[in-house]
1. Sketch the reach of a paramagnetic label on Asn191 as a point 7 Å from Cα along Cα-to-Cβ, and name the residues of the stretch 123-140 whose backbone nitrogen lies under 13 Å away.
2. Counting only other residues whose beta carbon sits under 14 Å from that of Ser144, what net charge do I get with K and R as +1, D and E as -1?
3. Once log10 I(q)/I(0) by the Debye sum over Cα atoms at q = 0.07, 0.09, 0.11, 0.16 Å⁻¹ is worked out from the coordinates, which option in (i) -0.51, -0.54, -0.61, -1.00; (ii) -0.36, -0.54, -0.72, -1.11; (iii) -0.20, -0.33, -0.50, -1.11 does it equal?
4. Show me the trypsin sites (Lys or Arg not before Pro) within the stretch 150-180 that DSSP assigns to loop and that have at most 11 other Cβ atoms within 10 Å of their Cβ.
5. Could you check the simple spin-label distance between Lys7 and Phe96, using points 7 Å along Cα→Cβ, in nm with one decimal?
6. Based on DSSP H runs of at least 4 residues, each adding -39500 (n - 2.57), what is the mean residue ellipticity at 222 nm of the chain after dividing by all its residues, to the nearest 500 deg cm²/dmol?
7. Which residues' amide hydrogens lie under 5 Å from the amide hydrogen of Lys65, considering only partners 5 or more residues apart or on another chain, with H built in the peptide plane?
8. Count charges around Ala59 for me, please; just the other residues with Cβ under 12 Å from its Cβ, Lys/Arg as +1, Asp/Glu as -1.
Amino acid sequence: MLVEVLKSFGLSEYEAKALLALLSRGTLTAKEIAEIAKIPRTSVYDVMNSLISKGLVEAFGKPLKFKALRSEEIVGILSKRVEKNIEILRRELPKFESEEVEEVRVYRNETVIEKISFLISNARKLVILVTYIPEWLARMINESKAEKVVISSNPDEVSAKEVYKLDKEFKGKAHGLIIVDDKYVMFIFINEEKLGILSDGHSVIQFSKLLVDSLIEVIG
């Protein structure tokens, strides 16, 4: 178990076994380390040199002998290494994160009507701000079982939980937005041509809700 823990701190299996052998037996020669830790004799000097370079083992005398640092010193060295690596990760990892991009989808002509119909029919909550409600949109709104808030110059055409009437007459021009379940917002521009812009971006939705709330505060 300790071998695996030491390996998680960057030691090889042979290094972990050699370090534990030194901690349990004290000062040892390379030959003794190889025998106790079951390390090939051809590898033992490379293993020990690596442990020395990591500051975990000391070498002295002739013939050459090796001694591990005290356990608390080893823990301190390994802890500092972990803290240093964590600090590097904390500093460098954010550089690899891509910035969140809020996508929009654009619909034209009859596809706009089809998309509006799909959104309204599947919604549980609708906020509709539109200059004028044409007959086809009124039908969709009235057929929807969603909780509805409607702001328009002709809100009496629909049934909704809350309705607010715009002072100016905009007959024939259905411009505005539809917020669906606080998850999507569709901006619509419908007169001779039809254009719809759909977004699920958090900032776009929040902006749209603020716009609606501000308007309700003025006309409510």
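1. Within reach of a label on Asn191, which here means backbone N under 13 Å from a point 7 Å along Cα→Cβ, the stretch 123-140 contributes 131-132.
2. That sum, taken over residues with Cβ under 14 Å, equals +2.
3. Recomputing log10 I(q)/I(0) by the Debye sum over Cα atoms at q = 0.07, 0.09, 0.11, 0.16 Å⁻¹ here picks out (i).
4. Lys161, Lys168, Lys171
5. 2.3 nm
6. -14500 deg cm²/dmol
7. When sequence neighbours closer than 5 places are left aside, the close amide H contacts are Phe60.
8. +2
Here, each number is a calculation from the coordinates, and none is a lab measurement. Just so you know, these numbers come straight off a predicted model, no measurement behind them. Note that we place each Cβ from the backbone using ideal geometry, even for glycine, and neighbour counts take in every protein chain shown.
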